[in-house]
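Student: To start, I am sharing the structure in question, which I have written as structure tokens.
A short reminder: the numbers here are calculations on the coordinates, not readings from a lab. Just so we're clear, the structure is a prediction, and the values are computed from it rather than from any experiment. Methodologically, a virtual Cβ is constructed for each residue, glycine included, from the backbone with ideal geometry; neighbour enumeration extends over all protein chains shown.
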Amino acid sequence: IWQQQLARQTAWRVSAARCGAGTRTRVVETLSRSLHLSPRTASLDQHRLASGFCRTDQITGESLSGAEIKDICDSLKENSVRLLSVRGCQLSDRDFGRVCRGVAESHSLAQLNLNLGVVSSIGRTKQLADALRANRSIQTLFLHGSPLLDAGLVALNTALSTHPSLVSLDLGDCMLGDEAVRLICGMLPPDGAKSGLRELTLSANPAISTNGWARLAVAVAHSSQLRVLNLDYNPLGDQIAGMLAVAVASSRSLEVLDLEGTGLTNQSAQIFLDMVENYPTCLRVLVLAENAISPELQQQISDLLSEGEEEDDKDGEAHGNAQSSREKIAWVPHSTPQAQRQCCIHK
């Protein structure tokens, strides 16, 4: 019976891929009735068939059934999923292991979102590490809101640092400390001989000490590839901000720095102002919202960053290239899709 259902499902998918969007919707409705699919599984199939092939699986905050897990795993093994998000979903340890095995076998998966507690134990962390060691396609990994602790990052370190494609990593609110930062610094190589992260999020990890942040600042200063660094909602203060300003001035690649809600004052803002005014940097976006910084200082920084962007555009035109400086950059950060060279002020 199952083989017959599978054959019918495959036939429906092939038929749907050959017809228009409206017909695809009707095909999916018929498919869900004939195969007795759950509403959410049918919705997943509808999204896939509307595109002609499987591209994304996105589910948020749901309790996933065995049938839905099987559907996800089958798509991973068929190399038909590019983005998989089970953000905040509840699934058993057994089902989590099944998903990890699917991730390990997938050659198409580029983005994996396990935010909000999906990786909830050291056992799951080790299963994910095994999957990442086998996988070669993932470019972006979201683990925001996972209780990893330093021990979790130790378990993941080898898989993350040796992954050939990973360029964006979100470890925000993962209860990390100084040992984790030490390992993360190894993912920010000082030269192009080794692949490394282009985007790193460490938001809301208050257990990291001054020494840990200082170590990260040194790594950022020498990184040849990091373009986006999100440190928002950490208790950094002016001392760490000063170290980061030096790192930004030294960096050959950093374009976006998010320091929202990090306990900064006008002292930090003045240092950043002096840096932007007197030293050429790659910085395009500086987020200083939710800090005790005067609007006047923020506006001065914003104006200087905007002037720098205009100068870049003029230089491009002078060399016969009418493209803007943003358009010249082939890689766009995941966290700031509309990033511009400016100081972001949130009111």
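Student: Each residue of the range 247-252 in order: what ³J(HN,Hα) in whole Hz does its phi give by Karplus 6.51 cos²θ - 1.76 cosθ + 1.60, θ = phi - 60°, with x for Gly and Pro?
Tutor: Once rounded to whole Hz, the list reads 4, 5, 5, 8, 5, 9.
Student: What span do the alpha-carbon atoms of the range 154-288 cover on each of the three principal axes, reported in whole Å from largest to smallest?
Tutor: Between the extreme Cα coordinates on each principal axis of the range 154-288 lie 41, 30, 20 Å.
Student: To the nearest 20 debye, what is the magnitude of the charge dipole of the range 93-144 about its Cα centre, counting +1 on the Cβ of each Lys and Arg and -1 on the Cβ of each Asp and Glu?
Tutor: Around 100 debye, computed over the range 93-144.
Student: Taking H as built 1.01 Å from N, whose amide H comes closer than 5 Å to the amide H of residue 85, not counting residues under 5 places away?
Tutor: 57, 58, 59, 113
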